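Contents: one structure, followed by commentary.
Any read-out appearing in this document is the output of simple, stated calculations on the displayed coordinates, not a laboratory observation. Quantities reported herein were computed from a predicted structural model and do not represent experimental measurements. Neighbour counts run over all protein chains shown; Cβ positions are idealised from the backbone, glycine included.
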Amino acid sequence: MSDRPTGTRNEHDYVPAMGRDRLLPLYDPFTWLVGAPRVHRRLAARAGVVPGHRVLEVGCGTGNLALRVQRLHPGAEVVGLDPDPLALARARRKADRRGSPVRWDRGTAGALPYDDASVDRVLSAFMFHHLDDAEKRRMLAEVGRVLRPGGQLHLVDFGGHHHGVAGRWVHRNEHLRANADDGIADRMREAGLTDIRTGERGRLGVLHVRATRC
Ligand SMILES: C[S@@+](CC[C@H](N)C(=O)[O-])C[C@H]1O[C@@H](n2cnc3c(N)ncnc32)[C@H](O)[C@@H]1O
């Protein structure tokens, strides 16, 4: 997970999973070590996916969450979207090895390449802090557009932590600072999403926020 404040310091107009392309091979071992599989497991279990649902993971990176959701819910149609072709290539290779039908699309959160009201669940894990404020707002407006009425967004990110090492990391990074307190829920509300529920802050301030399109 990157602690770069903007996407302009790397070669792309987005912030890749580890901040630099050459570090991408470390992403899976690093996130495994810091406990991402446990967070993914909880998110996949709480998302309320049922057979027939169309599920979109925005910022799917190397595909671990999307693959898990598809494995847990074989009757759902799961799509992973990310702007990073290198991460998508890794996700695709994993899916091929496992015979998983997840579809991988290239695109950005602020311009989702999907029809209005065409998705039942949008999932997002550890990607919101990769976005600047304008892209966060565009993403939430787009999520509201593509979700069917009653559809839900389940987002997990670092939700602001004010103490210790994690606190210092948060305060150094403007994207993370913007998540602090009710930053994520406030932006969801401003985007017109409703019934916003914020879970407990876990280790490193990891927060699960759920919102519904009315
Ligand atoms: C830390 S990774 C998270 C990957 C995955 N969700 C997981 O939990 O392992 C953040 C991802 O967000 C993607 N990302 C960055 N900017 C984005 C944008 N504007 N729209 C969609 N995804 C973006 C990056 O390419 C990266 O793959």
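Return the whole-Å distance between the Cα centroid of the range 135-161 and the Cα centroid of the range 59-105.
When both Cα centres are located, 19 Å separates them.
Please check the chain for the longest run free of GluC sites (Glu not before Pro) that are loop-located per DSSP (anything but H, G, I, E, B) and have at most 16 other Cβ atoms within 10 Å.
Segment 12-199 is the longest.
What's the FRET efficiency of residue 103 with residue 71 using the Cβ-Cβ distance as r and R₀ = 22 Å, to the nearest 0.05?
Efficiency, from the Cβ-Cβ distance: 0.90.
Sorting 112, 131, 24, 72 on the 10 Å Cβ count, fewest up front, what's the list?
So the residues, fewest neighbours to most, are 72, 24, 112, 131.
For the range 31-213, what is the Kirkwood hydrodynamic radius in Å, using each pair of distinct C-alpha atoms?
Roughly 16.3 Å, rounded to one decimal.
Hey, what did the range 31-213 get for relative contact order, percent, Cα under 8 Å, at least 6 apart?
This gives 18 percent for the range 31-213.
Find the relative contact order for the range 1-133 and round it to a whole percent, using C-alpha pairs within less than 8 Å whose residues are 6+ positions apart.
27 percent
Is any residue of the range 13-50 close enough, with backbone N under 16 Å, to a label point placed 7 angstrom from the Cα of residue 134 along the Cα-Cβ axis, and if so, which?
From the range 13-50, the list is 13-15.
Under a 5 Å amide H to amide H cut-off, with H placed in plane at 1.01 Å, what residues pair with residue 105 once short-range neighbours are removed?
80, 81, 82
If you count the DSSP beta bridges with both ends in the chain, what percent of them are antiparallel, to the nearest 5?
Within the chain, antiparallel bridges account for around 35 percent of the total.
How high is the FRET efficiency from residue 41 to residue 89, r the C-beta distance, R0 41 Å, rounded to 0.05?
0.95
Count charges around residue 140 for me, please; just the other residues with Cβ under 9 Å from its Cβ, Lys/Arg as +1, Asp/Glu as -1.
Here the charged neighbours net out to +2.
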